[in-house]
Amino acid sequence: MITSLTIQNVALIDQVRAVFAPGLNVLTGETGAGKSIVVDSINFLLGERPARDFIRAGAGFAAVEGMVEIEDEGITESLEGLGIHAADGQLLLERVMQSGGKSNCRINGRTVAVGMLKEVSNLLVDVHGQHEHQSLLDSAKQMQLLDQFCGAEMAEGKAELADLLNRYRENGRALKKLAGIGNQRNEQLDFWRHQVQEIEAAALKDGEEEGLTARRNRLGGLEALSENTRRALSYLYGGAESQYSALDQAGRAESCVAEIAKLDPAKENLLVNLNEVTAQLSDIAADLRNYIEELDTDPQELERIEARLDVIYRIKKKFGPSLENVQKKYEQLTQNIFAIENSGAEIARLNNVKRALTQEITRVCDALSAMRSAQAVQISADICAVLRDLGMPNARFEITVTRKTSFTQDGNDQVDFMISPNPGEAVKPLKRIASGGEMSRIMLAIKTVLADADRIPTVIFDEVDAGVSGRTAQQVAEKLAAISRRRQILCITHLPQIAAMADTHFYIEKNTQETNGETRTITSVQALAPEGITAELARLTGGAKITEATLKAAREMKEQATGLKRMKEAAI
């Protein structure tokens, strides 16, 4: 429910804040005082497009803020599905429009698009104004209400239907994949086979590319490798560049150290170490001789390596970028070829599954339609009875359930709320009713009967009393009071019968103020205390002139309304 509403710089409103309560909140005031401004502000907060003169003259912006309290877990789950978290069961809705026309919307301080604001608002508030969009005029909303009235059995049936439709769509995607190639089937197969042959011909091996790259780098430096190996051998064995080789010098050193060891046995370790060095030099020289023989390779090998690397590069570029990706592509191609080559049998199987699913879907849809049709008859009769109480004795209300050829998650029904307000007229869709007063009472009748099915916590009625008086006005008041036991109601009214039923009564007043030599008209909204309520009921009853008699009648009316509400609550 809406717990508070703050309006700033909207039309005649400078700044007001209203704190609403559960139950029936009534707003009254003189004609032209600004009651419609409050409703326009709420509509703006809920995402509707404002009028051109929405911003107060001379102001640079208009702002509306509303705090909403949520108790219904179903609504909380729906909000979570939209990515909106209601911390502690509360949402702060804010919308600001600049004088240039740009508006900003926020939910709990987070900026959102106006479309998101409308989606969230549709779960929280339903506005029934004489000329405003009404959710009950939407065919999808009408079906939703009827289905909620059908209860758990309808919910179970729709859950089964959703599962069947998912399987039907999956089956359809599989069929499309197999049959979608159509006349290009053979061309597609030839193309896939060519790609498979191309990958197979490459005969790719794990680690091959890295080994070939290393071998190519080595062959590319073959000349430098040979030159350095020969020079190292010449230093070890002697040659043109040195008079004595390293091995010769080591041998001579070994003879000298042997003489030292004879004279000084403590230096025997020098001879041992030198022997090891000489042996290591001999081993190194042998390794270099072997290595230089290895370098005498086939001069065409580098070309073969380059050619092989080019094959690997082209395959990776076409199917890669890695050999792992190439392998995955190969497996996918072979699976596609197998599926197409064996598609005849698979298509036949999938078509059988499609027929079986269609039969199951039809069975569930028939059951859903039967439930809707049965409930529609009872609901229609109940709404007609309420309309008679509301001063429309000749009105005929019908909920029609017709079948469509296509399936949706709701089945294949088309649900329409139909009405004939006057005798002799054919029933027509609810959205084609022109009279604002009739529409308000029809909405009230629907809300009265479907109050338990509709989960929207706050309902706003803008002058639901249009065109009614006397006994009908009393019936309208009692219906509003009945709905307010389950929903928060905000109602703008001119009828004292409705105002007397209020749990909270607000008075909307227009005054003039002198500011800096200028006269300004300002609308205010205030919650009335008991004395103020009596005075306002007297005004609504007796007009501008209030007497002791009208005040007494007003007090009696309020007392009777309070007693009636208590009696109704005790009977629940």
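Between amide H atoms placed 1.01 Å from N, distances below 5 Å from D465 occur with H494, all of them 5 or more places distant or on a separate chain.
Less than 5 angstrom separates the built amide H of T3 from those of M67, V68, E69, all sequence-distant by 5 or more or on a different chain. Surface composition of the chain: carbon plus sulfur atoms contribute 50% of the solvent-accessible area (1.4 Å probe, protein chains only, all chains present). On full extension, the segment bounded by V272 and R355 gains 20.4 nm, given 0.36 nm per residue less the C-alpha separation. Rolling a 1.4 Å probe over the heavy atoms of the protein chains gives the chain an accessible area of 53 Å² per residue.
Taking label positions 7 Å along the Cα-Cβ direction at both D163 and D138, the computed distance is 2.9 nm, reported to one decimal.
Please list, in chain and number order, the residues 5+ apart from A11 or on another chain whose amide H is under 5 Å from its amide H, with Hs placed from the backbone. Residues meeting the amide H criterion: I55, R56. Extending 7 Å from Cα along the Cβ direction at A348 and again at A57 yields two label points whose distance is 8.3 nm.
Here r is the Cβ-Cβ distance between E71 and N516 and R0 is 51 Å; the resulting FRET efficiency, rounded to 0.05, is 0.60. Compared with the alpha-carbon gap, the fully stretched path from M418 to L92 is longer by 113.7 nm at 0.36 nm per residue.
Taking every DSSP helix (H) stretch of at least 4 residues in the chain, weighting each as -39,500 (n - 2.57) and dividing the sum by the residue count yields a mean residue ellipticity at 222 nm of -19000 deg cm²/dmol.
Classify region 452-572 as rounded, prolate or oblate, taking a ≥ b ≥ c as the square roots of the eigenvalues of its Cα gyration tensor: rounded when a/c is under 1.5, otherwise prolate if a/b is larger than b/c and oblate if not.
Details: a/c = 2.21, a/b = 1.44, b/c = 1.53.
Judged from the Cα gyration tensor, region 452-572 comes out oblate (a/c at least 1.5, b/c at or above a/b).
Taking packing as the residue-averaged number of other Cβ atoms within 10 angstrom, the listed peptides 390-396, 343-349, 88-94 run from highest to lowest as 390-396, 88-94, 343-349.
Computed over every Cα-Cα pair of the chain and binned at 10 Å starting from 0, the pair-distance distribution P(r) comes out as 3, 12, 15, 14, 10, 8, 7, 6, 6, 6, 5, 4, 3, 1, 0 percent.
Here the label points at Y237 and E331, each 7 Å from Cα along the C-beta direction, are separated by 5.5 nm in the simple model. Separation of region 1-38 and region 255-293, taken as the distance between their Cα centroids, equals 108 angstrom.
What length, rounded to one decimal in nm, is gained on full extension from R314 through to R388, with 0.36 nm per residue of separation minus their alpha-carbon distance?
18.3 nm
The values are calculated or read from the model by the stated rules, or taken from the named source; none is laboratory data. Given the structure is predicted, the values throughout are model-derived calculations rather than measurements. In this analysis, Cβ positions are derived from the backbone assuming ideal geometry, glycine residues included, and neighbour counts consider all displayed protein chains. Just the protein is used for accessible areas: all its heavy atoms, side chains included, with ligands, DNA and RNA removed. Shrake-Rupley method; radii C 1.70, N 1.55, O 1.52, S 1.80 Å.
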